[in-house]
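Remarks on the structure that follows.
The values are calculated or read from the model by the stated rules, or taken from the named source; none is laboratory data. On a predicted model such as this, the values are computed, not experimentally measured, just so you know. All Cβ positions, even for glycine, are placed from backbone atoms using ideal geometry, and neighbour counts span all protein chains on display. Just the protein is used for accessible areas: all its heavy atoms, side chains included, with ligands, DNA and RNA removed. Shrake-Rupley method; radii C 1.70, N 1.55, O 1.52, S 1.80 Å.
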Amino acid sequence: RGMSARCAATGGYGEPQTAGPLPAPLTSDEPGTWAYDTMSRRINEEILQGMVIGDNEAFLSVSARDRLAAFVRELENAGNETLR
């Protein structure tokens, strides 16, 4: 019997095996980078407001609209927000 993909990736159990060193993780704190643009603009403008709210506006309750509006404000002020 063959191993599952997860089982094969971990050598049967334990931590996944890698073929070499992993690249540095993407961070979103450097202006001009794709990650910064995604987290500072795209998530709010294109995804949340454009797709989530825009595409579903007719189906959102007043309560849902209020919560989404609060989330938009949070994203607009993300540099000053703390994680809860």
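Could you pull out the residue among Glu45, Glu15 that is charged (D, E, K, R) and either outside any helix (DSSP H, G or I) or open to solvent by less than 70 Å² (accessible area, probe 1.4 Å) (or both)? The match here is Glu15. Could you tell me how many of the residues in region 15-48 are in contact with a helix residue (DSSP H, G or I) (Cβ under 8 Å, 6 or more places away or on another chain) and hydrophobic (A, V, I, L, M, F, W, C)? Of the residues in that region, 4 qualify. Under the condition of being more than 14 Å from Phe71 (Cα to Cα) and among the small types (Gly, Ala, Ser), the residues counted in region 30-49 number 2.
Count of region 24-35 residues, restricted to those that are open to solvent by less than 80 Å² (accessible area, probe 1.4 Å) and within 13 Å of Ala78 (Cα to Cα), is 1.
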